[in-house]
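Asks: Before I ask anything, let me first share the structure, which is written out below as structure tokens.
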């Protein structure tokens, strides 16, 4: 039997949240030249907003590289270059740049992920023109459907821990249950 790696911390409880909070649609197509094109949109029931995006993906399988370009209804342009399984099996490294033509603001992220059968580790270094350099880290461990995770964000300029979250859950084919302690102050159950 082949076991999958547990989800990333940000994806814990995602299936439940998406069903309860928004309506969405997505269209995908592949071109002859190997470019994937997709467009999608969703309506957030909580905020009453509609959001859409257009995405193109170029893949170089021989080099393990994918270049993704996105444009959304907030007029935000995002380019991401990803290398997967080249450093080590289960390792993924990405460089992402974001630009807003309206405001001229730019931001960048360096992301790393490592997945094994029973663990997923994520680390992101995130910076922008007008904000501190943030280091985000998370880990999710899984065993026979049971999941446990930790997430943190450290502000390098202020020298403080901005996030300190713990989570536990159970995920099976027909059932998903998830609880989180956010900043060690409140308990959220989905």
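The values are calculated or read from the model by the stated rules, or taken from the named source; none is laboratory data. Quantities reported herein were computed from a predicted structural model and do not represent experimental measurements. Virtual Cβ from ideal backbone geometry, glycine too; neighbours counted across all protein chains shown.
Asks: So which of 141, 134, 147 ends up being touching a strand residue (DSSP E or B) at 6+ places or on another chain (Cβ under 7 Å), part of a strand (DSSP E or B) and more than 13 Å from residue 169 (Cβ to Cβ)?
Replies: Answer to the check: 134.
Asks: With respect to residue 95, is the statement that it is more than 20 Å from residue 27 (Cα to Cα), loosely packed, with under 14 Cβ neighbours inside 10 Å, out of contact with any helix residue (DSSP H, G or I) (no Cβ under 7 Å at 6 or more places or on another chain) and at pLDDT 95 or above true? Working first, answer last.
Replies: Details: more than 20 Å from residue 27 (Cα to Cα): yes; loosely packed, with under 14 Cβ neighbours inside 10 Å: yes; out of contact with any helix residue (DSSP H, G or I) (no Cβ under 7 Å at 6 or more places or on another chain): yes; at pLDDT 95 or above: yes.
Judged against the criteria, residue 95 is a match.
Asks: If you don't mind, there's one more thing I want to ask. Of everything in the range 48-81, what is in a strand (DSSP E or B), within 22 Å of residue 105 (Cβ to Cβ) and over 18 Å from the mean Cα position of the chain (by Cα)? Give them in sequence order.
Replies: 49
Asks: For the range 118-134, what are the residues that are farther than 11 Å from residue 6 by Cβ, surrounded by fewer than 17 Cβ atoms within 10 Å (Cβ to Cβ) and modelled with pLDDT of 95 or more?
Replies: Answer for the range 118-134, where residues must be farther than 11 Å from residue 6 by Cβ, surrounded by fewer than 17 Cβ atoms within 10 Å (Cβ to Cβ) and modelled with pLDDT of 95 or more: 123, 125.
Asks: Test of understanding: among 115, 105, which residue is modelled with pLDDT of 90 or more, surrounded by 14 or more Cβ atoms within 10 Å (Cβ to Cβ) and farther than 30 Å from residue 148 by Cα? Give the steps one after another, and end with the answer.
Replies: Details: 115 fails: farther than 30 Å from residue 148 by Cα.
Every option except 105 fails the conditions.
Asks: Considering the range 24-43 alone, what residues qualify as being within 28 Å of residue 138 (Cα to Cα) and modelled with pLDDT under 75?
Replies: 24
Asks: Return yes when residue 106 is touching a residue at least 12 places away in the same chain (Cβ under 8 Å) and over 16 Å from the mean Cα position of the chain (by Cα) and no when it is not.
Replies: On the way: touching a residue at least 12 places away in the same chain (Cβ under 8 Å): yes; over 16 Å from the mean Cα position of the chain (by Cα): yes.
In short, yes.
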